[in-house]
Amino acid sequence: MFRALRLEQALGTKSKIYYKYEGGVRGEPQANTSIPQAYYNKMAGRKRIATETGAGQWGSAMALAGRSSTSR
């Protein structure tokens with residue numbers, strides 16, 4: 001958990017705001033399944049992948065997977 005000090009200051013609130021950073025976690029299930037999906041889609045010649053996302057985890061995982069498969 002991290003405290004969002006600058007957000008608190010920008011809002012001018014006395015409340016303490018915390019957030020959970022998940023960008024560096026490699027064990028999340030979305031990344032574990034999106035990386036192979038991006039790889040196999042690339043091998044099939046597909047240039048684009050579309051996905052639906054609710055809270056953003058799946059979209060972020062697909063972006064990570066796409067970047068990983070194109071940088072090699």
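FYI, it's all coordinate maths here, none of it is from the lab. Here the structure is a predicted model, which is why all the values come from computation and not from measurement. Neighbour counts run over all protein chains shown; Cβ positions are idealised from the backbone, glycine included.
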- In what sequence, highest mean first, do 11-19, 37-45, 59-67 appear when ranked by Cβ atoms within 10 angstrom? 59-67, 37-45, 11-19
- Query: Between Ala4 and residues 5 or more places away or on another chain, which pairs have amide H atoms under 5 Å apart, with H built 1.01 Å from N, and which residues are they?
  - Reply: Ile17, Tyr18, Tyr19
- Message: Using the Karplus curve 6.51 cos²θ - 1.76 cosθ + 1.60 with θ = phi - 60°, what ³J(HN,Hα) values do you get for each residue of the range 5-14, in whole Hz, with x for Gly and Pro?
- Response: 4, 5, 5, 4, 5, 5, 7, x, 9, 8
- With each label point set 7 Å from Cα along the Cα-Cβ vector, what nm distance links Asn32 and Arg6? 3.3
